[in-house]
Amino acid sequence: MTQIRAWKFQKAGEPFSFAESAMPKPAPGEVLVRVAGCGVCHTDLGYVYDSVRTVKPLPLTLGHEISGFVEEVGAGAKEWMGKAVIIPAILPCGECDLCKKGRRSICRRQKMPGNHIDGGFASHIVVPSRFLCAVHVRNENEHFGDSGVTLKELSVVADAVTTPYMAIKRSGLAKGDLAIFVGVGGIGGFGVQLAAALGATVVAVDISDKRLQFMKEHGAEAIFNSKEINGKELRRAIGAFAAERKLPSYEWKIFETSGSAAGQELAFGLLTFGAHLAVVGYTMEQPALRLSNLMAYDAQASGNWGCDPVYYREVLDLVKSGKIKLAPFVELHPLNQINEIFNWAHHKKLERRAVLIPEK
């Protein structure tokens with residue numbers, strides 16, 4: 001193949017357009033990756049439908065949940081030739097003061113595919129080789145350990161799985177803690193699995209009975225539909241569940257993974273003494289919150305921009321062992337159906353997270 005085949009985002013609200021361009025040569029420290037799969041993320045929908053701005057001016061190839069095979073390397077990156085990889089959604093420079101302090105996620109020279117540079121809704125992508133995550137499979141059809149999935153499905157590790165993992169790490173969650181996830185579609189579903197795998201007792205909150213029942217099978221020990229029980233009543237119900245399980249009424253780990261103002265207000269309302277609130281979902285809406293609750297409860301609130309690439313291996317190990325399930329949560333579609341898939345995702349007609357597969 002001598003050209004990159006890509007689907008370009010031209011303007012908010014407009015369909016993607018197909019484009020071909022000359023295959024670039026990777027510069028020193030870069031690699032050319034043939035895309036195996038690229039996940040459709042809530043952030044991508046924000047660019048297309050909610051006028052969230054990209055760093056790189058349009059037109060732009062979106063997509064930041066990418067897996068594939070390295071087909072060409074630049075100087076200094078020869079060790080990556082031929083390897084299967086996951087491309088981290090956030091690629092820090094690794095050299096600036098922030099990176100040296102361990103704050104790689106806020107590196108001011110970072111490159112995010114589909115935001116700072118062209119992304120993965122294409123046949124190929126050129127990215128820096130630093131921080132790539134190797135996947136030990138020989139071809140696109142080989143199952144990864146006991147995961148039951150291939151490199152295509154592993155693309156969602158780049159954001160949907162690692163981002164809630166970073167939030168969990170930041171929260172200090174430990175075995176025996178109570179973890180509450182508000183919104184269990186997309187990243188919340190993986191967050192529930194991760195917290196359960198790490199020994200927490202997990203409560204799932206959502207507006208969909210179907211999603212809640214599904215999460216009962218994948219790590220949630222208690223479920224609540226916030227259309228039926230909300231506010232102080234929900235807080236009391238979770239407190240009663242905690243007491244029943246002999247868990248404390250304080251230091252809850254609360255994860256807002258709905259990416260909605262209603263979800264953020266609900267999650268904030270669950271604060272208790274010493275609680276940690278992790279804001280993982282993103283919305284352009286502005287919730288109404290009384291920030292003084294943080295002071296009154298001596299609680300903490302934090303957000304995380306993606307995941308530090310140094311934690312990808314820990315997540316992959318959980319997937320490889322089968323402790324984190326991907327197959328029930330993703331579905332594969334041809335990349336040339338991108339406009340239809342985005343429309344379905346926007347109108348919440350997809351049951352699972354879509355992964356787009358470039359045509360050969």
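Here are some notes:
- Restricting the stretch 1-31 to residues that are among the hydrophobic types (A, V, I, L, M, F, W, C) and outside any loop (DSSP other than H, G, I, E, B), the residue that is surrounded by the most Cβ atoms within 10 Å (Cβ to Cβ): ALA6
- Qualifying helices (runs of 4 or more DSSP H) (wholly inside the stretch 271-348; at least 1 residues being of a type outside the set (A, V, I, L, M, F, W, C) and farther than 30 Å from GLY239 by Cβ): 312-320, 338-346
- Some residue of the stretch 118-141 being within 26 Å of ALA19 (Cα to Cα), open to solvent by 20 Å² or more (accessible area, probe 1.4 Å) and at pLDDT below 95: yes
- Selection from the stretch 205-261 of residues that are in a strand (DSSP E or B) and among the basic types (Lys, Arg): LYS253
- Condition check for VAL70: in contact with a helix residue (DSSP H, G or I) (Cβ under 7 Å, 6 or more places away or on another chain), surrounded by 16 or more Cβ atoms within 10 Å (Cβ to Cβ) and farther than 18 Å from ILE187 by Cβ: yes
- Restricting the stretch 280-295 to residues that are within 12 Å of ALA267 (Cβ to Cβ) and of a type outside the set (S, T, N, Q), the residue that is modelled with the highest pLDDT: VAL280
- Each residue in the stretch 190-204 was checked for being in a helix (DSSP H, G or I), under 14 Å from VAL315 (Cβ atoms) and open to solvent by 30 Å² or more (accessible area, probe 1.4 Å), and 1 pass.
- Condition broken by TRP305, with the remaining ones in (1) under 19 Å from the mean Cα position of the chain (by Cα); (2) under 22 Å from PHE121 (Cα atoms); (3) open to solvent by less than 80 Å² (accessible area, probe 1.4 Å) satisfied: (3)
- Summed over the stretch 173-188, residues that are out of contact with any Asp or Glu (no Cβ under 9 Å at 6 or more places or on another chain) and either free of Cβ contacts under 8 Å to residues at least 40 places away in the same chain or farther than 19 Å from ILE238 by Cα (or both) total 3.
- When MET215 is tested against (1) open to solvent by less than 30 Å² (accessible area, probe 1.4 Å); (2) touching a residue at least 40 places away in the same chain (Cβ under 8 Å), only condition (2) is not met.
- Of all residues in the stretch 231-243, none are touching a Pro at 6+ places or on another chain (Cβ under 6 Å) and of a type outside the set (Gly, Ala, Ser).
The values are calculated or read from the model by the stated rules, or taken from the named source; none is laboratory data. Here the structure is a predicted model, which is why all the values come from computation and not from measurement. When we count neighbours, we look across all protein chains shown, and the Cβ atoms used for this are built from the backbone with ideal geometry, even at glycine. These area figures cover heavy atoms from the full protein model, side chains too; ligands, DNA and RNA do not enter into them. Shrake-Rupley method; radii C 1.70, N 1.55, O 1.52, S 1.80 Å.
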